[in-house]
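Enquirer: Submitted below is the structure of interest, expressed as structure tokens.
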Amino acid sequence: MPVDSTIARALAGISPVQIQHTIAALVGFRNRSTLSSMDKDLPPGTGINAAADWIEGQFKQIAADCGGCLEVKRDTFTQAPGTGPNARVTQPTMLTNVYAILRGSDPSQAQRMILVTGHYDSRDSSNFDSHGEAPGANDDASGAAVSLACARALSKLKLPATVVFVTVAGEEQGLYGSKHLAEMAKQESWQLEAVLNNDIVGGNTTPGDKFQDKHAVRVFSENVPASATPEETKRILALGYESDSPSRELARAVTYTGRTYTDAAPLMTRIEPVLEFRRDRFQRGGDHSSFNEEGFAGVRFTEWREDFNHQHQNVRMENGVQYGDLLQYVDFDYVARVARLNAATLAVLASAPPAPVSVKYPPGGPVFDNSINNTTITWAGSPAAGTNAKYEIVWRETDAPDWQRAILADKAGAKQNAGTWTVTLPVSKDNVIFGIRAMDAAGHRSSAVVPVPGR
Ligand SMILES: [Zn+2]
């Protein structure tokens, strides 16, 4: 994919100093426990409500700087208490998501949405402590800072599809803020094509940790979609598509974008997205899963190596060890690199045409097909893609994590007839997994879609 110089310029504007300012400001609210929204005794300028006001103010400032290009939204609702002995919300609690919408500049594309999110709530050792120091610098002021940095950078661009910059609350009590937003997106039939969740992207800097990698970020994606019915799961396994969920194709779009925009970059800005083929870190969860549950593609970005001494801990010294999610352990250059990767992915996906539809292996069946070592694929352009969209065929060996080959459909001899494209390649679908991506004239690629047996 060629580098789009307009996007590259926007990425260059993402500033570690600005990110430091955002994270320090959020830490300054002392404790951003979602439960603090109900407290009446907090000193002014502390607690999660003050943090929500500040984030809203930041989005409004960014909107003012781009001539009102962002719609700033504040969604406040009452979360019902959880059930059971481990409930982390025990009384009706006010939750607020704060977000901003950059409407697509192309009326035929503006219904399409790409979303970036981080949670702005924090916690210390006790879920119920809404007063003690809970800086949450890495978890997850860093992720909230990515959303704000992306809004700042991309509000300077005209992107055909819509981008939504989100900060949610309630993550620490059970993903409540993201669940509310994902359910709303489903109910309101948002054409939400991709969700990028940033949680713990601070590049934890603990003195003595020799194994942290400041140029790698993990990208987690589900294998079989959380929303798949038992029948759908059965079909996915029958086709050998257990590593080809829409979320995983999104993760591959992230690695492709990462290679395009940072491989040639100076060391300061280079970052490598590392594919992690599981829903989240081992036995842990995050906000992208709320969107996965509702059937949306979503991935999670997390730093290379986490340090539990600096997550969910009361700030304290113990046997000479400093505990607490403190500002001093965040690497702002690293957060800026992760923000650039996110912004590049958002910009590329919002510039590319929508992914193709009806991607199929036409009927005929492998057994009776004379050309068993050839593969024919058909697809149609999404109606919103327009007539100028081009297509690309990608494939990989069945044991390869990422696409290995790509060829433009035109070069492969694809023919279009009444809106349906057909191509035949001398490669057996027994041995590889194929995908089709849409692209515009400038080369921005969509995520890939794998073919299913046609009828
Ligand atoms: Zn978190």
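Enquirer: Which of the residues spanning the range 282-296 are surrounded by 15 or more Cβ atoms within 10 Å (Cβ to Cβ), part of a loop (DSSP other than H, G, I, E, B) and within 14 Å of the ligand (Cβ to nearest atom)?
Expert: Answer for the range 282-296, where residues must be surrounded by 15 or more Cβ atoms within 10 Å (Cβ to Cβ), part of a loop (DSSP other than H, G, I, E, B) and within 14 Å of the ligand (Cβ to nearest atom): 285, 286, 287.
Enquirer: If we keep just the residues of the range 429-455 that are over 24 Å from residue 232 (Cα atoms) and among the small types (Gly, Ala, Ser), which is surrounded by the fewest Cβ atoms within 10 Å (Cβ to Cβ)? Walk me through how you get there before you give the answer.
Expert: Of all residues in the range 429-455, those over 24 Å from residue 232 (Cα atoms) come to 438-445.
Add one more test, that the residue is among the small types (Gly, Ala, Ser), and what stays is 438, 441-443.
Details: 438: 25, 441: 9, 442: 12, 443: 17.
Within the range 429-455, the match that is surrounded by the fewest Cβ atoms within 10 Å (Cβ to Cβ) is 441.
Enquirer: Could you tell me which of the residues 149, 64 is away from the ligand (no atom under 16 Å from the Cβ), modelled with pLDDT of 95 or more, in contact with a helix residue (DSSP H, G or I) (Cβ under 6 Å, 6 or more places away or on another chain) and not aromatic (Phe, Trp, Tyr)?
Expert: 149
Enquirer: If a residue must be within 24 Å of residue 13 (Cα to Cα), more than 14 Å from the ligand (Cβ to nearest atom) and either among the β-branched types (Val, Ile, Thr) or touching an Asp or Glu at 6+ places or on another chain (Cβ under 8 Å) (or both), how many such residues does the range 167-200 contain?
Expert: Applying the first criterion (within 24 Å of residue 13 (Cα to Cα)) to the range 167-200 yields 167, 194-200.
Within this subset, residues satisfying the condition of being more than 14 Å from the ligand (Cβ to nearest atom) are 194-196.
Next, only the ones that are either among the β-branched types (Val, Ile, Thr) or touching an Asp or Glu at 6+ places or on another chain (Cβ under 8 Å) (or both) stay: 195.
So the count comes out to 1.
Enquirer: Kindly establish whether residue 262 is away from the ligand (no atom under 16 Å from the Cβ), within 27 Å of residue 136 (Cα to Cα) and touching a residue at least 24 places away in the same chain (Cβ under 8 Å).
Expert: No, not satisfied.
Per-residue answers, yes or no, for (1) within 24 Å of residue 327 (Cβ to Cβ); (2) within 16 Å of the ligand (Cβ to nearest atom); (3) charged (D, E, K, R):
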residue	(1), (2), (3)
98	yes, no, no
104	no, no, no
108	no, no, no
114	no, no, no
117	yes, yes, no
139	yes, yes, yes
153	yes, no, no
161	no, no, no
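Enquirer: Kindly check whether there is at least one residue in the range 212-228 that is within 16 Å of the ligand (Cβ to nearest atom), hydroxyl-bearing (Ser, Thr, Tyr), within 20 Å of residue 339 (Cα to Cα) and not in a loop (DSSP other than H, G, I, E, B).
Expert: Checked the range 212-228: no residue is within 16 Å of the ligand (Cβ to nearest atom), hydroxyl-bearing (Ser, Thr, Tyr), within 20 Å of residue 339 (Cα to Cα) and not in a loop (DSSP other than H, G, I, E, B).
Enquirer: Give the number of residues within the range 297-310 that are surrounded by 19 or more Cβ atoms within 10 Å (Cβ to Cβ) and in a helix (DSSP H, G or I).
Expert: Summing the residues that are surrounded by 19 or more Cβ atoms within 10 Å (Cβ to Cβ) and in a helix (DSSP H, G or I) in the range 297-310 gives 1.
Enquirer: Given the criterion in a loop (DSSP other than H, G, I, E, B), at positive phi, more than 13 Å from the ligand (Cβ to nearest atom) and in contact with a Lys or Arg (Cβ under 6 Å, 6 or more places away or on another chain), identify the matching residue among 208, 203.
Expert: 203
The values are calculated or read from the model by the stated rules, or taken from the named source; none is laboratory data. The structure displayed is predicted, hence computed values, not measured ones. Methodologically, a virtual Cβ is constructed for each residue, glycine included, from the backbone with ideal geometry; neighbour enumeration extends over all protein chains shown.
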